[in-house]
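Pasting a structure below so you can have a look.
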Amino acid sequence: MELTAGDVWVMISAALVLLMTPGLAFFYGGMARAKAAINMIMMSFVSVGLVGVVWVLWGYGMTSEPGVLGGLVGNPFGDLGLSQAVGSADLVGIGFGATFAIITVALISGAIADRARFGAWAIFVPIWVTLVYCPLAYMVWGGGLLTEEGAIGSVFGEAIDFAGGTVVHINAGLAALVLVYVIGSRAGFAKGLHGAHNVPLMMIGTAMLWFGWFGFNGGAAGSVEEGGLIWVNTLVAPAAAMLAWLVTERIRDGHATSVGAASGVVAGLVAITPACANVSPLGAIAIGILAGVASALAVGLKYRFGYDDALDVVGVHLVAGIVGTVALGFLALSVDGEGGGLLYGGGFSQLIAQVVATLFTLVYTGVLTALIAIAIHKTIGFRVSAEDEERGIDLAQHSESAYAFDGAAGGSYDPIAEETRA
């Protein structure tokens with residue numbers, strides 16, 4: 001079978017999306033404290049290893065036909081190890097799908113910075129991908145409950161989710177919130193003692209994320225017209241969100257920050273993800289502005305409600321994911337004069353479908369994540385000791401340091417220097 005330009009584009013897009021996870025590692029690593037930078041980077045990198053293996057062994061089968069359990073999930077035993085896919089063009093799309101699963105679970109890690117045991121995280125990742133991500137991906141994209149022929153989609157309508165508003169961002173954002181409540185807050189959280197230690201590294205990670213997001217959104221483009229629309233929307237929505245976040249900061253705090261700029265970009269990217277192929281560029285700007293303002297305001301709620309979302313996964317991914325998903329009910333373009341959002345003459349049908357899909361995702365993810373997290377926390381324990389948290393999770397969990405302090409070699413554990421510091 002000849003390799004087509006479309007095949008090449010999907011392969012390139014898959015590589016771009018895979019690059020997003022190291023970008024996320026730098027983004028989170030820069031936002032974390034100096035003594036937690038290695039741990040944050042490792043939590044993203046180990047997600048690549050764990051999810052990559054799970055995806056090949058049984059994960060992909062759970063996201064594709066034939067379905068089992070009444071459309072809840074694909075058959076995990078349908079193609080173990082992808083042996084049946086070898087020699088087919090399906091492997092290109094299978095690889096593309098793997099990168100989405102990888103970054104979704106990696107996103108969660110930012111909420112529990114400074115305090116999660118690395119071993120517990122390594123157990124959580126494959127279980128969560130298996131029981132939460134893969135079934136939800138099947139329900140939204142693989143022919144399951146939320147699709148047009150599914151039990152829910154056939155009643156309330158099929159929600160639009162082109163690249164992962166529900167499957168990726170609402171899913172990861174709510175899972176992060178659940179983990180935060182299960183594990184608890186860091187020492188000193190209420191006093192706001194945990195700021196970004198390396199803003200340039202965070203900005204580099206942001207640039208990598210934005211770059212990779214063109215593959216994230218555009219990899220499934222079916223035509224040059226659709227691809228062009230996705231590209232422009234992936235440019236302008238985060239641009240608008242960044243400006244909206246900075247203006248919100250300026251009005252609220254009296255200054256605009258680089259952390260705010262980076263967070264605004266990510267919020268806009270999150271919000272346009274489900275809508276990138278289904279709204280006009282003006283609609284993308286509107287979504288970006290809404291996401292930038294909503295997320296900028298939402299990140300402060302953690303202090304009001306007492307949940308220690310360390311790197312604002314909830315405020316950015318959950319909130320902006322909901323904004324982008326629900327906004328489609330108003331701003332989705334009609335297709336050949338049919339359908340569309342409320343503002344394009346489509347009535348309330350698309351809005352209802354978007355809200356139902358959002359609510360279903362929140363309930364499904366919340367319940368399953370809570371069961372997984374509580375089981376791990378009550379058995380092996382999900383949190384490091386207070387002493388290990390104080391001295392730094394990098395040393396406690398990895399015997400490494402991101403930087404050379406007191407003459408100790410960065411990236412290695414020096415017991416003499418550690419004893420001196422103690």
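The values are calculated or read from the model by the stated rules, or taken from the named source; none is laboratory data. This is a predicted model, so every value here is computed, not measured. Backbone-built Cβ (ideal geometry, glycine too); neighbour counts: all protein chains shown. Surface accessibility is based on the protein's heavy atoms, side chains included, excluding ligands, DNA and RNA. Shrake-Rupley method; radii C 1.70, N 1.55, O 1.52, S 1.80 Å.
Given the conditions (1) touching a helix residue (DSSP H, G or I) at 6+ places or on another chain (Cβ under 7 Å); (2) closer than 22 Å to Ile287 by Cβ, and given that Ile204 satisfies all but one, which numbered condition is not satisfied?
The one condition Ile204 does not meet is (2).
Out of (1) part of a helix (DSSP H, G or I); (2) open to solvent by 10 Å² or more (accessible area, probe 1.4 Å), the odd one out for Gly87 is which?
Only one criterion in (1) part of a helix (DSSP H, G or I); (2) open to solvent by 10 Å² or more (accessible area, probe 1.4 Å) is unmet by Gly87, namely (1).
Would you be able to tell me the number of residues in region 368-392 that are outside any helix (DSSP H, G or I), open to solvent by 30 Å² or more (accessible area, probe 1.4 Å) and under 17 Å from Ala111 (Cα atoms)?
Summing the residues that are outside any helix (DSSP H, G or I), open to solvent by 30 Å² or more (accessible area, probe 1.4 Å) and under 17 Å from Ala111 (Cα atoms) in region 368-392 gives 1.
Moving to a separate point now. Among the residues of region 327-367, which ones are assigned to a helix (DSSP H, G or I) and surrounded by fewer than 19 Cβ atoms within 10 Å (Cβ to Cβ)?
Start the filter on region 327-367 by keeping residues that are assigned to a helix (DSSP H, G or I), which leaves 327-331, 342-344, 349-367.
Of everything in region 327-367, those that are assigned to a helix (DSSP H, G or I) and surrounded by fewer than 19 Cβ atoms within 10 Å (Cβ to Cβ) turn out to be Leu342, Leu343, Tyr344, Ser349, Ile352, Val355, Val356, Leu359, Leu362, Val363, Gly366, Val367.
Looking at Ser47, Ser13, which is the one that is under 23 Å from Gly227 (Cβ atoms), open to solvent by less than 10 Å² (accessible area, probe 1.4 Å) and part of a helix (DSSP H, G or I)?
Among Ser47, Ser13, only Ser13 is under 23 Å from Gly227 (Cβ atoms), open to solvent by less than 10 Å² (accessible area, probe 1.4 Å) and part of a helix (DSSP H, G or I).
Among the residues of region 317-332, are any in contact with a Lys or Arg (Cβ under 9 Å, 6 or more places away or on another chain) and within 23 Å of Gly110 (Cα to Cα)?
Looking for residues that are in contact with a Lys or Arg (Cβ under 9 Å, 6 or more places away or on another chain) and within 23 Å of Gly110 (Cα to Cα), one finds none in region 317-332, hence no.
Could we say that Gly95 is within 30 Å of Val314 (Cα to Cα), outside any helix (DSSP H, G or I) and touching a residue at least 12 places away in the same chain (Cβ under 8 Å) here?
Judged against the criteria, Gly95 is not a match.
Let me ask something else about it. Given the criterion touching an Asp or Glu at 6+ places or on another chain (Cβ under 9 Å), part of a helix (DSSP H, G or I), under 18 Å from Met139 (Cβ atoms) and touching a residue at least 12 places away in the same chain (Cβ under 8 Å), identify the matching residue among Gly78, Gly71, Gly61. Steps first, answer last, please.
Working: Gly78 fails: part of a helix (DSSP H, G or I); Gly71 fails: part of a helix (DSSP H, G or I).
Checking each option against the conditions leaves just Gly61.
Having 2 or more residues that are open to solvent by less than 10 Å² (accessible area, probe 1.4 Å) is the bar; report the helices (runs of 4 or more DSSP H) wholly within region 108-190 that clear it.
Working: elements: 118-128, 134-141, 153-156, 171-183.
So the answer is 118-128, 134-141, 171-183.
Which pairs do you get when a residue that is at positive phi and touching a residue at least 12 places away in the same chain (Cβ under 8 Å), found in region 296-325, comes within reach of a residue that is crowded, with 24+ Cβ neighbours inside 10 Å and not β-branched (Val, Ile, Thr), reach meaning Cβ atoms under 7 angstrom, with the pair 6+ apart or on two chains?
Here the result reads Asp312/Ser263, each pair linking region 296-325 to a residue that is crowded, with 24+ Cβ neighbours inside 10 Å and not β-branched (Val, Ile, Thr).
Would you tally the residues in region 191-231 being of a type in the set (A, V, I, L, M), within 25 Å of Gly23 (Cβ to Cβ) and part of a loop (DSSP other than H, G, I, E, B)?
Quick first cut of region 191-231, residues of a type in the set (A, V, I, L, M) only: 193, 196, 199, 201-204, 207-209, 220-221, 224, 229-230.
Retained after the next criterion (residues that are within 25 Å of Gly23 (Cβ to Cβ)): 196, 199, 201-204, 207-209, 220-221, 229-230.
Next cut, part of a loop (DSSP other than H, G, I, E, B) only: 196, 220-221.
Total meeting the criteria: 3.
When the residues of region 248-281 are narrowed to those that are without any contact (Cβ under 8 Å) to a residue 24 or more places away in the chain and β-branched (Val, Ile, Thr), which ends up least open to solvent (accessible area, probe 1.4 Å)?
Going through the qualifying residues, I end up with Thr257.
I've got another one for you. Is it the case, given these coordinates, that Ala244 is farther than 19 Å from Ser13 by Cα, within 18 Å of the chain's Cα centre (by Cα) and open to solvent by less than 30 Å² (accessible area, probe 1.4 Å)?
No; evaluated as a whole, the condition is false for this residue.
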